[in-house]
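**Q** What follows is a structure written as structure tokens; I'll ask about it next.
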Amino acid sequence: MAFLGEGVGDMRERGRHDHLACPGLVIAGTNYALGSVLGKITASGKYRLSPVAEVEGDEGAETAVAVLLEAVDATAADKTALVVARGPVILSEAALVFDASVDDATKTAAKHAELSSVGLVPRETA
């Protein structure tokens, strides 16, 4: 089991990322932070920050299904990034970065539940 709070470099050195992390294409227009909570756009298979509600043209992304394992500047173009899209993985709640629409505890809890459904389990860490 991996832990997001320990750092991607540590995971790579220990060889534990092979079964957890995979490349994914994030859509242009955002400078993504490490720990970004992502949804997958049904039509294109690309990832974007997972909003609370469906966004026209980005249907499917409203369900959180992955977390970005590196910072990626995709402001100008789609970029390939390292994502974790299945578990078991324990995620530090403090390390997760949400879309601006995830702006209260209820919405955050809903995103945590969505991630947990694919084995990405947010936990409070010290």
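Derivation of every value follows stated rules applied to the coordinates shown; laboratory data play no part. Not measured: the values here are computed from a predicted model. We place every Cβ from the backbone using ideal geometry, glycine too, and count neighbours over all the protein chains shown.
**Q** Gain in length, Asp104 to Ser92, computed as 0.36 nm per residue apart minus the alpha-carbon separation, to one decimal in nm?
**A** On the way: separation 12, 0.36 × 12 = 4.32 nm, distance 1.77 nm.
Full extension from Asp104 to Ser92 adds 2.6 nm.
**Q** Enter the per residue convex hull volume of the range 2-123, computed from alpha-carbon coordinates, in Å³ rounded to the nearest integer. Walk me through the numbers on the way to the answer.
**A** On the way: hull volume 11.0 nm³, N = 122.
It is 90 Å³ per residue.
**Q** Sticking with this structure for a sec: Summing +1 for each Lys or Arg and -1 for each Asp or Glu, what net charge is found among the other residues whose Cβ lies under 13 Å from the Cβ of Ala33? Before the final figure, lay out each step's value.
**A** Numbers: positive: none; negative: Glu70, Asp73, Asp99.
Local net charge: -3.
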